[in-house]
Amino acid sequence: MIQLDSKVPAGSVPEKWTNFKKKQQLINPANKRKYTVIVVGTGLAGASAAASLAELGYNVQAFCFHDSPRRAHSIAAQGGINAAKNYRNDGDSVWRLFYDTIKGGDFRAREANVHRLAEVSVNIIDQCVAQGVPFAREYGGLLDTRSFGGAQLQRTFYCRGQTGQQLLLGAYQALARQIAAGNVKMFPRTEMLDLVTVDGRAKGIVVRNLISGEVKSYAADAVVLATGGYSNAFYLSTNAIGCNVTATWRAYKRGAAFANPCYTQIHPTCIPVVGDHQSKLTLMSESLRNDGRVWAPKNKADCGKHPSEIAEADRDYYLERKYPSFGNLAPRDISSRAAKEACDDGRGVGPGGRGVYLDFGAAIAKQGKAKIVEKYGNLFDMYQRITGENGYERPMRIYPALHYTMGGLWVNYELMSNVPGLFVIGEANFSDHGANRLGASALMQGLADGYFVLPYTLTHWLAGETPGTLPTTHADFKRTESEVTDRLNKLLAAKGKKTAVEYHREAGKLLWENVGMARTKKSCEEAAKALRQLQAEFLHNLTVPGSGTELNMALERANRVWDFLEFGQLLAMDAAQRDESCGGHFRSEYQYPDGEAKRDDEKFSHVAAWTFNGPDATPSRNVEELTWDAVKPSVRSYK
């Protein structure tokens, strides 16, 4: 067991970030050049952090497995980014954004971190506008906003249906400026395969060049992980195929605590699965629920009909019926379970009866097609390219899918893990969203961490450290390199008959069916057992063609799938031991008579942070109790 010190500053919740900055340790600008910082991952969180740290004067080494930071999965975020600007004068404030986020996470997040996120949200928009991010504007030229799930006002800034891409281009140009200035050294097509620790402190990483296959070490005074989430453990998700858990999982095996892995988010508006040939799923932005109405047939006999043949009286607008205060903009976990409930009742539409309708008929009739095209045109185009159906002429078919993960490496208030010198930002950490993330808050957290939090907290920590990196000839670097090489050789030596993709699909199906939208203690335990058996088979029956000294995507995939097989067991174990329902973690044994999630605040108002005890040993479950000073946990209701 370990002690988890959150290092939350003194003072009331609204004063904590100010108090931290008042007492923050500083480093002379000339001395900052003596420190080297490694940033792994160059999506929104990583790119903004690398650019900001380099601007301050640190020597930054940035690594990504893409050919360019512009290809990070952050580009797939569509709908918008939250900020408490209150431009519409509709009652928004830092406090309201804080409370909505705490409530949206079902009271399972650290208060101080969430309030800081709401505070710095207002700076993010100014930063991005200064970079030239083309946010949507009203007729008079002011920035436009729209609503998102879990909020009763319009605080979401957006760039049509491609907000993530535009924000990433803004962060990328800031990063590119620092690369050109020589303050950031960029390593594309390079994947982190292990964390190097010396005397329990993070001192560097081991990477593999994906083009040449070379395994090499890099040393630093601090390591920052900005490597995203682990939705692809389920195989089918809205994440890009390359998204993986490897960096955070290898850090876990070097001593970093992994917090709340069972907190996974199912997004309610995704294009439904159509067959086993699919390798990923496609998100349809939550912003569509501003104007689209979600419904399913009231009568099972109508499921096979064309939607235009189903009378208005025979349509069940179930979100509007069940949650009249929020309607179609109920939070994601609640909306997803409601869709599953309709389909489980035999009222689903499309192949396999796994779909509901997202209907824009009323919005087009009221606003005109041109207005809908202006707001969502690229999303409708994408839907038509994938399904062959015209969303303007007939309702879109949608169904929930894995999208985001609220769990991640445990970090304290300063975004440092329990391994000194290892910082974790963005989706890779656990800190801000509790058991369910509200829509448009992922972009907010990534940029808040990178631009406005890490530059303060990392400096504060480095001020107490003597600058100077260890030589990569150090024994611990060489030992870690050797372990990475041995692991790759094991994969290449396997001469079985199944590909890594086949194992990934099988493992993902196990997780989806047993630890997906609904789970029980028994199903979670069965999933963990089945994954252990699959892992035992993996190295004996796997086939990986090619060698390790060349571009070998099969080897890359096998390496990541091995981590997913191990990590999936921890995810299932965490879900089995959290005997309550909260947010995206819905245990069927714990629900109210109306089907809503039933928390157990007396026993589970805490963070569960797991630590590695060895390959054949059960991990330890460590606890950080959540304290409530500014809000009082209550039954979460959106009715």
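Before moving on, here are some points about what is shown:
- When the range 173-209 is limited to residues that are within 25 Å of L56 (Cα to Cα) and charged (D, E, K, R), the one that is surrounded by the fewest Cβ atoms within 10 Å (Cβ to Cβ) turns out to be R177.
- Yes/no for S287 being of a type in the set (S, T, Y), within 19 Å of L402 (Cα to Cα) and open to solvent by 10 Å² or more (accessible area, probe 1.4 Å): no
- The residues in the range 371-403 that are aromatic (F, W, Y) and open to solvent by 10 Å² or more (accessible area, probe 1.4 Å) can be counted, and the count is 2.
- Applying a threshold of 6 Å to beta carbon distances and a minimum spacing of six or more residues, or different chains, the list of pairs starting in the range 589-609 at a residue that is under 18 Å from D345 (Cβ atoms) and ending at one that is loosely packed, with under 14 Cβ neighbours inside 10 Å and acidic (D, E) is empty.
- The strands (runs of 3 or more DSSP E) found wholly in the range 352-470 and carrying at least 1 residues that are at pLDDT 95 or above and within 19 Å of the chain's Cα centre (by Cα) occupy 396-405, 422-424.
- Number of the condition not met by P297 [criteria: (1) closer than 30 Å to L570 by Cα; (2) buried (at least 22 other Cβ atoms within 10 Å of the Cβ)]: (1)
- Applying the set (1) open to solvent by 60 Å² or more (accessible area, probe 1.4 Å); (2) over 21 Å from I425 (Cα atoms); (3) at pLDDT below 95 to Y99 leaves exactly one unmet item: (3).
- Check on G213, closer than 19 Å to G407 by Cβ, outside the structural domain of G353 (by TED's automatic domain parsing), in contact (Cβ under 8 Å) with a residue 60 or more places away in the chain and surrounded by fewer than 24 Cβ atoms within 10 Å (Cβ to Cβ): no
- Residues (in a strand (DSSP E or B), without any contact (Cβ under 8 Å) to a residue 60 or more places away in the chain and not aliphatic (A, V, I, L, M)) located in the range 131-166: R137
- Looking across the range 583-639, just one residue is among the hydrophobic types (A, V, I, L, M, F, W, C), touching a Lys or Arg at 6+ places or on another chain (Cβ under 6 Å) and assigned to a loop (DSSP other than H, G, I, E, B), and that is F612.
- Count - residues of the range 442-477 that are open to solvent by less than 10 Å² (accessible area, probe 1.4 Å), hydrophobic (A, V, I, L, M, F, W, C) and under 30 Å from C128 (Cβ atoms): 7
- Against the list (1) touching a residue at least 24 places away in the same chain (Cβ under 8 Å); (2) under 28 Å from A54 (Cα atoms); (3) surrounded by fewer than 21 Cβ atoms within 10 Å (Cβ to Cβ), the condition L492 fails is (2).
- Candidates A109, A118, A62, filtered to the one that is assigned to a loop (DSSP other than H, G, I, E, B) and either in the same structural domain as G228 (by TED's automatic domain parsing) or open to solvent by 30 Å² or more (accessible area, probe 1.4 Å) (or both): A109
- Test result for K632, surrounded by fewer than 22 Cβ atoms within 10 Å (Cβ to Cβ), within 28 Å of E111 (Cα to Cα), free of Cβ contacts under 8 Å to residues at least 12 places away in the same chain and not small (G, A, S): yes
The values are calculated or read from the model by the stated rules, or taken from the named source; none is laboratory data. These figures come from a predicted structure and were not determined experimentally. Note: ideal-geometry Cβ built from the backbone for every residue, glycine included; neighbour counts use all protein chains shown. Heads up: the accessible areas ignore ligands, DNA and RNA and are worked out on the full protein's heavy atoms, side chains in. Shrake-Rupley method; radii C 1.70, N 1.55, O 1.52, S 1.80 Å.
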